[in-house]
Amino acid sequence: MITSKIDETIFKPLFKSGNMGAPNASVRILVTMSILKEGFGCSDEDLFEKCEFDLLTRRALGLLQSLLYRQNQLLKQIKAH
C-alpha cells in the first residue's frame, strides 16, 4: 500500500486549524493518485475509472480494506437475522 508510506504531517502547515481549509480527501490518497496517474501514464478520467473498478489500484490507495470491512459487516448482519 502506497498510502501507508506517505507522511501527511508535512502538509499540515498548508491547512488552517479547525474546519476552515481542511482537505476533503486525505492528502495520502491525493498524492498516491498522482503517483499512480504518472505511473500508468493515464488521464484523470482513466485514473478515476481504475479507482472504481481495478482492485490493485484500490489496494494501492488503501480503499480495498474498507470495502472488505463493509462486506464483512454486512455478512455478519445477514447471518444475525
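Okay, here's what the table says:
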item: Gain upon complete extension [Phe40, Thr9; 0.36 nm per residue less C-alpha separation]; result: 8.5 nm
item: Among 46-59, 25-38, the order from most to least packed when residues are scored by Cβ within 10 Å on average; result: 25-38, 46-59
item: Stretchable slack from Gln77 to Leu30, in nm (0.36 nm times residue separation minus alpha-carbon distance); result: 13.6 nm
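All of the numbers you see were taken from the coordinates with simple rules; none came from a lab. For clarity, every value in this text was computed on a predicted model and none was experimentally measured. Please note: Cβ atoms are built from the backbone with ideal geometry, for glycine as well, and neighbour counts cover all protein chains shown.
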